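What follows is a short report on a single structure.
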Amino acid sequence: MSPATAQSRFAETPAVRRKLRQEAIAKWIFCGMAAAMVVPLVLIVGYLVVRAAPSLNLEFLLEVPKRGMTEGGIWPAFVGTLYLVFLSLAVSAPIGILAAVYLNEYAGDNWFNRVINLAVINLAGVPSIVHALFGLGAFVYAARFGYSIISASLTLAIMTLPVIIASTRESLASVPRTFREACWNVGATRWQTIRSVVLPNSISGILTGVILQVSRAAGETAPVMFTGVVFFKAVERGDLFPYYLDEQCMALSMHLYTISTQVPGVKESIPFATAVVLLGLVVIVNATAISLRVYLRSRKKW
Amino acid sequence: MTAAENHIEVRDLRLSYGLKEVIHGISFGIRRHEILGVIGPAQSGKTSLLRCINRTIDFTPDTHVSGTIEVDGEDVRKVRSVYALRRKIGMVAPLPVGLPLSIYDNVAFAPRSAGLHRRADLDAIVEQCLRQAALWDEVKDRLESLGTKLSGGQQQRLTIARALSHQPEILCLDEFSIAIDPVTTMRIEDVLKELRKHMTIILVTNLTQQARRLADRTMFMWKGEIVELDTTEVIFGENPKDQRTRDYVEGIFG
């Protein structure tokens, strides 16, 4: 074959050149959009850290607020947030995971399960302020828990529950159906199948979904403000167990709101430092979730 | 042999998914310790038939089954424990399914879920089943490695070992060879010839020649009905009763 024909056989036609041009444009648009995500993150974090710099030290974390909350640290709010987050997840994670197992593994297509599904979906769409009012009515007044950590945690639990159910169902559904059928074929019950094959292979996704709810529970202001979080609570510096569960507490989200808008004369860097702590808490939790997922995935078996 | 002595007796079985009927009232018997070949194009109800026999059809929502299937004279829809029924029936799916467990646990899964936990008993079952499935020599040194990491052909033999692990009396194979190479297929076919001494085998297959090689009797299903059920010699011989059977086995169907 002569060189001329070889060249013409593999030369770009105008159609191919147009295709390649579109491909390049598409790639850059997608890449640009993805990169644009990074900009606000860097700006937010950078701005916060720079403004917060004068107050950012361990002392700020451990110290209690002083002089009518215009100086000092954020320890009571920090511990309060930890209380609320762990208590609410201790309630919503077991209920959510077990409910999701039922919905995904057992539930047939009947009116009862359709009602449950509908409830889960709608609950996920309820704004947090409505959850706050519900928690106020249900836990503070009806259940007589009063304005307390319990009421606030339960309200947060109700709020995170539908999302935990949804994410758990998703990870359960990612286990191939053929695994279940293979187990059923040898005479295993549904529960034996779930315990030995389905759960071990979906646990990474389930845990990730639960942990990601920490950031939501930590960040919400309205639900806890209505049900058990107060402006100020006097506690010892660095005290790990300053609250009883039937008491009110402080929380980072609420504290940030208060010192930013309600208290005059707050030292300028304190609100920013509070925001950095809140953000740092969320980042740490998310990083834990990601590394846990990577670890569990590395043991995934197919 | 009378009908009552058939190992499996199917009478007027009908199955619908929703409003669509896929098996239209079929009746036949399967004799003890025979290999029954089931051939027929896709969508003819072969797999659904197997799922009715071990009642895993129950896991598919919105199905309706009528008629009876008797195993050892007992109606499968009225057995006291469906799990005991399923343990009597080994089932091998078209694509190999290594459970995401170790090779050992794959085979020990069924005995364990039946309540057997003594290590010595489990060891014996695992070795026996892996030997029966012609896999023992290849995996005996790595029983703790993952079943899902085996090659396709090995996984299919692992699937067969698992199907044998609950000591079934009936073995159902659903197109077991579509994902494995001819050499492995021949090895498994040799295994089946050995197994028929102790169990009844239902061999659903798309390879008509496979039915010809192995089956004592062959059933040709088409669109949810039995076109013809006779000895393999007749079905593949000069004079099957139905013209469609001849066309199908000769490859000029349709």
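For region B:201-254, how many residues are within 10 Å of B:ILE39 (Cα to Cα) and touching a Leu at 6+ places or on another chain (Cβ under 6 Å)?
2
Being in a helix (DSSP H, G or I) and surrounded by 16 or more Cβ atoms within 10 Å (Cβ to Cβ): is that true of B:ALA120 here? Quick ask: steps written out before the conclusion?
Numbers: in a helix (DSSP H, G or I): yes; surrounded by 16 or more Cβ atoms within 10 Å (Cβ to Cβ): no.
Considered against the rule, which asks whether it is in a helix (DSSP H, G or I) and surrounded by 16 or more Cβ atoms within 10 Å (Cβ to Cβ), B:ALA120 comes out as no.
Among the numbered criteria (1) of a type in the set (Val, Ile, Thr); (2) touching a strand residue (DSSP E or B) at 6+ places or on another chain (Cβ under 7 Å); (3) touching a residue at least 60 places away in the same chain (Cβ under 8 Å), which one does B:VAL76 miss?
(3)
Out of the residues in region B:42-78 that are under 26 Å from B:PHE176 (Cβ atoms) and part of a loop (DSSP other than H, G, I, E, B), state the one that is nearest to the other protein chains (Cβ to nearest Cβ).
B:ASN54
Looking at (1) more than 24 Å from B:LYS197 (Cβ to Cβ); (2) in contact with a helix residue (DSSP H, G or I) (Cβ under 8 Å, 6 or more places away or on another chain), which is the one condition that is false for B:GLY152?
Result: B:GLY152 passes all but (2).
Write out, first by first residue and then by second, each pair whose Cβ atoms fall under 8 Å of each other, whose residues are 6+ apart or on separate chains, and whose first residue, in region A:59-83, is over 14 Å from A:ALA273 (Cα atoms) while the second is crowded, with 16+ Cβ neighbours inside 10 Å and of a type in the set (Asp, Glu).
Note: no pairs meet the criteria.
Looking at A:THR274, A:THR221, which is the one that is of a type in the set (S, T, N, Q), more than 14 Å from chain B (Cβ to nearest Cβ), surrounded by 17 or more Cβ atoms within 10 Å (Cβ to Cβ) and in contact with a Phe, Trp or Tyr (Cβ under 8 Å, 6 or more places away or on another chain)?
Answer to the check: A:THR221.
Would you mention how many residues in region A:281-300 are small (Gly, Ala, Ser) and either surrounded by 14 or more Cβ atoms within 10 Å (Cβ to Cβ) or touching a Gly at 6+ places or on another chain (Cβ under 7 Å) (or both)?
In the first step, residues of region A:281-300 are kept if they are small (Gly, Ala, Ser); the result is A:287, A:289, A:291, A:298.
Filter once more, so that each one left must be either surrounded by 14 or more Cβ atoms within 10 Å (Cβ to Cβ) or touching a Gly at 6+ places or on another chain (Cβ under 7 Å) (or both): A:289.
Total satisfying the criteria: 1.
Kindly provide the set of residues from region A:171-226 that are among the hydroxyl-bearing types (Ser, Thr, Tyr) and at positive phi, ordered by number.
Those that are among the hydroxyl-bearing types (Ser, Thr, Tyr) and at positive phi: none in region A:171-226.
Would you check if A:ALA234 is surrounded by 20 or more Cβ atoms within 10 Å (Cβ to Cβ) and of a type in the set (Gly, Ala, Ser)?
On the way: surrounded by 20 or more Cβ atoms within 10 Å (Cβ to Cβ): no; of a type in the set (Gly, Ala, Ser): yes.
So A:ALA234 fails the test.
Among the residues of region B:231-245, is any within 19 Å of the chain's Cα centre (by Cα) and at pLDDT below 90?
Looking for residues that are within 19 Å of the chain's Cα centre (by Cα) and at pLDDT below 90, one finds at least one in region B:231-245, hence yes.
Restricting attention to region A:194-210, report how many residues are without any contact (Cβ under 8 Å) to a residue 40 or more places away in the chain and crowded, with 22+ Cβ neighbours inside 10 Å.
2
Filter region B:86-97 down to the residues that are surrounded by fewer than 24 Cβ atoms within 10 Å (Cβ to Cβ) and either more than 12 Å from chain A (Cβ to nearest Cβ) or out of contact with any Asp or Glu (no Cβ under 8 Å at 6 or more places or on another chain) (or both) and list them by number.
Residues satisfying the conditions are B:ARG87, B:LEU95.
Can you name the residue in region A:52-92 that is in a helix (DSSP H, G or I) and of a type in the set (Val, Ile, Thr) and is also surrounded by the fewest Cβ atoms within 10 Å (Cβ to Cβ) among such residues?
Going through the qualifying residues, I end up with A:VAL91.
So if I check each of A:SER260, A:SER269, which one is of a type in the set (Ser, Thr, Tyr), more than 14 Å from chain B (Cβ to nearest Cβ), surrounded by fewer than 21 Cβ atoms within 10 Å (Cβ to Cβ) and without any contact (Cβ under 8 Å) to a residue 12 or more places away in the chain? Don't jump to the end; show me each part of the working.
Working: A:SER269 fails: without any contact (Cβ under 8 Å) to a residue 12 or more places away in the chain.
Being of a type in the set (Ser, Thr, Tyr), more than 14 Å from chain B (Cβ to nearest Cβ), surrounded by fewer than 21 Cβ atoms within 10 Å (Cβ to Cβ) and without any contact (Cβ under 8 Å) to a residue 12 or more places away in the chain holds for just one of A:SER260, A:SER269, which is A:SER260.
If a residue has to be in a loop (DSSP other than H, G, I, E, B) and among the acidic types (Asp, Glu) to count, how many in region B:20-41 make the cut?
Matching residues across region B:20-41 total 1.
Could you tell me which numbered condition B:LEU101 fails, if it satisfies all but one of (1) within 14 Å of another protein chain (Cβ to nearest Cβ); (2) free of Cβ contacts under 8 Å to residues at least 12 places away in the same chain; (3) among the hydrophobic types (A, V, I, L, M, F, W, C)?
(2)
Could you name every one of the strands (runs of 3 or more DSSP E) located completely within region B:130-231 that has at least 3 residues being under 24 Å from A:GLU181 (Cα atoms)?
Details: elements: B:170-174, B:200-204, B:217-222, B:225-231.
In region B:130-231, B:170-174, B:200-204 are the strands (runs of 3 or more DSSP E) which contain 3 or more residues that are under 24 Å from A:GLU181 (Cα atoms).
What single numbered condition from (1) crowded, with 19+ Cβ neighbours inside 10 Å; (2) within 12 Å of chain A (Cβ to nearest Cβ) fails to hold for B:PHE176?
Against the list (1) crowded, with 19+ Cβ neighbours inside 10 Å; (2) within 12 Å of chain A (Cβ to nearest Cβ), B:PHE176 comes up short only on (2).
Out of curiosity, is A:ALA35 of a type in the set (Gly, Ala, Ser) and exposed (fewer than 12 other Cβ atoms within 10 Å of the Cβ)?
yes
Would it be correct to say that B:ILE30 is within 14 Å of chain A (Cβ to nearest Cβ), touching a residue at least 12 places away in the same chain (Cβ under 8 Å) and either of a type in the set (Val, Ile, Thr) or under 20 Å from B:GLU225 (Cα atoms) (or both)?
no
Which residue is nearest to B:GLY98 (Cα to Cα), if the candidates are limited to region A:185-201 and must be in a helix (DSSP H, G or I) and among the aliphatic types (A, V, I, L, M)?
Filtering first and then ranking leaves A:VAL197.
Just to be sure, is A:ILE150 within 14 Å of another protein chain (Cβ to nearest Cβ) and either in contact with a strand residue (DSSP E or B) (Cβ under 8 Å, 6 or more places away or on another chain) or in a helix (DSSP H, G or I) (or both)?
When the stated conditions are applied, A:ILE150 does not pass them.
For region B:79-98, enumerate the residues that are part of a loop (DSSP other than H, G, I, E, B) and in contact (Cβ under 8 Å) with a residue 24 or more places away in the chain.
Those that are part of a loop (DSSP other than H, G, I, E, B) and in contact (Cβ under 8 Å) with a residue 24 or more places away in the chain: B:ALA93, B:PRO94, B:LEU95, B:PRO96, B:VAL97, B:GLY98.
Mind listing whichever residues of region B:104-115 are of a type in the set (A, V, I, L, M) and either more than 9 Å from chain A (Cβ to nearest Cβ) or part of a helix (DSSP H, G or I) (or both)? Don't jump to the end; show me each part of the working.
Going through region B:104-115, the residues of a type in the set (A, V, I, L, M) turn out to be B:107-108, B:110, B:114.
Residues satisfying the conditions are B:VAL107, B:ALA108, B:ALA110.
Restricting the search to region A:170-214, which residues are polar (S, T, N, Q), more than 8 Å from chain B (Cβ to nearest Cβ) and closer than 28 Å to B:SER48 by Cα? Quick ask: steps written out before the conclusion?
As a first pass, look at region A:170-214 and keep what is polar (S, T, N, Q): A:171, A:174, A:178, A:185, A:189, A:192-193, A:196, A:201-202, A:204, A:208, A:213.
Those left that are additionally more than 8 Å from chain B (Cβ to nearest Cβ): A:171, A:174, A:193, A:202, A:204, A:208, A:213.
Once the filter is applied, which keeps residues that are polar (S, T, N, Q), more than 8 Å from chain B (Cβ to nearest Cβ) and closer than 28 Å to B:SER48 by Cα, region A:170-214 yields A:SER174, A:THR193.
The values are calculated or read from the model by the stated rules, or taken from the named source; none is laboratory data. Note that the coordinates shown come from a computational prediction; the quantities given were computed from them, not determined experimentally. We place every Cβ from the backbone using ideal geometry, glycine too, and count neighbours over all the protein chains shown.
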